[in-house]
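What follows is one structure encoded as structure tokens, with my remarks underneath.
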Amino acid sequence: MPFPSDLEIAQKAKMQPIGTVAKSLGIDPDSIDQYGRYKAKLPLDLIDEKKISKSKLILVTALSPTPAGEGKTTTSIGLCEGLNKVGKKAMVVLREPSLGPVFGMKGGAAGGGYAQVVPMEDINLHFTGDFSAIEKANNLLSALIDNNIQSKTRNLGIDPRTVAWKRVIDMNDRALRNIVIGLGGTGNSMPREDGFNITAASEVMAIICLALGYDDLKERLGNIFVGNSAPKDGSTCMPATSMHKAPWRCC
């Protein structure tokens with residue numbers, strides 16, 4: 001009898017409602033933000049620095065996967081299952097899969113065999129929609145940049161040649177790495193070179209990971225570097241334009 005595939009194992013798994021899982025961890029099911037029956041987000045107020053200082057962190061990183069697929073995620077999940085099996089209270093923390101690798105050679109990022117997290121299809125494809133939200137935020141700034149370059153009344157004087165901010169898409173599409181935008185006439189903004197990064201590489205993603213709260217999030221987003229203003233009067237020092245600030249920087 002052939003060994004079942006990852007998908008077959010995932011689809012045959014009997015999942016517990018996420019509220020039941022939360023309760024088993026000592027979390028009030030009413031405090032979680034549910035996304036259906038089997039997924040949820042945890043509130044930030046559950047973070048207890050005192051408890052964290054007494055816990056132990058095992059970091060699984062820089063591990064090359066075997067031909068069978070045992071890499072960082074599978075090893076992390078298997079380790080967590082093993083620790084719980086011997087009576088330890090352990091939880092695995094994984095990064096959200098990116099659709100680019102999911103549809104590429106790498107495949108899904110929810111583990112493998114009997115060491116995987118479920119619902120595997122949901123986690124790999126859309127999960128709670130965070131990637132989509134980050135993509136929208138990133139590309140909103142891109143649209144604002146080009147709209148400002150086009151504007152005749154509120155133009156910040158951004159030099160299109162220095163725009164460092166790229167658009168993002170959660171897909172491996174090499175044809176979009178370097179492109180020219182703004183073609184088709186004067187109503188379609190200023191033609192300039194641009195490109196797409198994968199969503200996980202967006203600075204917005206890094207900021208979400210580092211932000212300590214909403215105020216810190218706003219501050220970090222407001223300090224995103226966009227590009228340089230065009231030089232005036234032969235000056236060698238030009239204002240670097242961010243989302244809401246224009247500090248002077250020497251170039």
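The values are calculated or read from the model by the stated rules, or taken from the named source; none is laboratory data. Computed from a predicted structure; not experimentally measured. In this analysis, Cβ positions are derived from the backbone assuming ideal geometry, glycine residues included, and neighbour counts consider all displayed protein chains. Surface accessibility is based on the protein's heavy atoms, side chains included, excluding ligands, DNA and RNA. Shrake-Rupley method; radii C 1.70, N 1.55, O 1.52, S 1.80 Å.
Flag not set for L57, criterion: assigned to a helix (DSSP H, G or I) and either out of contact with any helix residue (DSSP H, G or I) (no Cβ under 9 Å at 6 or more places or on another chain) or touching a residue at least 60 places away in the same chain (Cβ under 8 Å) (or both). Consider the stretch 76-105. How many of its residues are open to solvent by less than 60 Å² (accessible area, probe 1.4 Å), part of a helix (DSSP H, G or I) and free of Cβ contacts under 8 Å to residues at least 60 places away in the same chain? Looking only at that region, the number is 7.
With respect to (1) exposed (fewer than 14 other Cβ atoms within 10 Å of the Cβ); (2) closer than 19 Å to P191 by Cα; (3) among the small types (G, A, S), the lone exception for S142 is condition (1).
Taken over the stretch 34-66, residues that are open to solvent by less than 80 Å² (accessible area, probe 1.4 Å), touching a strand residue (DSSP E or B) at 6+ places or on another chain (Cβ under 8 Å) and not hydroxyl-bearing (S, T, Y) amount to 3.
Residue-by-condition table, conditions (1) surrounded by 14 or more Cβ atoms within 10 Å (Cβ to Cβ); (2) of a type in the set (A, V, I, L, M, F, W, C); (3) without any contact (Cβ under 8 Å) to a residue 60 or more places away in the chain:
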residue: S202; (1), (2), (3): yes, no, no
residue: I207; (1), (2), (3): yes, yes, yes
residue: L210; (1), (2), (3): no, yes, yes
residue: G222; (1), (2), (3): no, no, yes
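Residues in the stretch 175-184: is at least one open to solvent by less than 60 Å² (accessible area, probe 1.4 Å), under 17 Å from the mean Cα position of the chain (by Cα) and among the β-branched types (V, I, T)? No: zero hits.
Output yes when any residue across the stretch 163-181 is part of a helix (DSSP H, G or I) and of a type in the set (V, I, T), and no when none is. No: the stretch 163-181 contains no residue that is part of a helix (DSSP H, G or I) and of a type in the set (V, I, T). Residues in the stretch 106-132 that are open to solvent by 60 Å² or more (accessible area, probe 1.4 Å) and under 20 Å from the mean Cα position of the chain (by Cα): K106, E121, D122, L125, H126, F127.
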